[in-house]
Amino acid sequence: MVLATGHPRYDQMFPVLEPRDIERLKRFGRSVTYLAGTQIAKTGSLGPGVVVPDLHLVQLTGK
């Protein structure tokens, strides 16, 4: 298994956004709040589009 962190374009694929970058992105979408335990996206299913989670508030799992 090859980890994505070793990919030469990792920083472009998974950017770490500064607060000012997130503020600029807000004009292209909407802010959404989910109840605790709600599944936002699932591998193999149609997703909601680009999601910019606040990682302090979102739990990522590999179920």
Spherically averaged projected area in nm², based on the convex hull that wraps the Cα atoms of the chain
5.9 nm²
With every protein chain left in place and a probe of 1.4 Å, what is the accessible surface of His7, to the nearest 10 Å²?
80 Å²
Solvent-accessible area per residue for the chain at a 1.4 Å probe radius, Å²?
107 Å²
Reported to the nearest 10 Å², Thr43 has, with a 1.4 Å probe, an accessible area equal to 140 Å²
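Multiply the residue gap between Asp11 and Leu60 by 0.36 nm, knock off their C-alpha separation, and tell me the result in nm, one decimal place. Each step should come with its number before you reach the end.
Values: separation 49, 0.36 × 49 = 17.64 nm, distance 1.93 nm.
Net length gain for the segment: 15.7 nm.
Suppose R0 equals 22 Å. What FRET efficiency, 1/(1 + (r/R0)^6) with r the Cβ-Cβ distance, do Ile40 and Glu18 give to the nearest 0.05?
Details: r = 23 Å, r/R0 = 1.03.
Plugging the Cβ-Cβ distance into 1/(1 + (r/R0)^6) gives 0.45.
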In whole Hz and in residue order, list the ³J(HN,Hα) couplings for segment 31-46 that follow from phi through the Karplus curve 6.51 cos²θ - 1.76 cosθ + 1.60, θ = phi - 60°; x for Gly and Pro.
8, 10, 10, 10, 5, 4, x, 6, 7, 7, 8, 9, 4, x, 10, 5
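The values are calculated or read from the model by the stated rules, or taken from the named source; none is laboratory data. On a predicted model such as this, the values are computed, not experimentally measured, just so you know. As a convention, Cβ positions derive from the backbone with ideal geometry for all residues, glycine included, and neighbour counts pool all protein chains shown. Note: areas computed on protein heavy atoms with side chains; ligands, DNA, RNA excluded. Shrake-Rupley method; radii C 1.70, N 1.55, O 1.52, S 1.80 Å.
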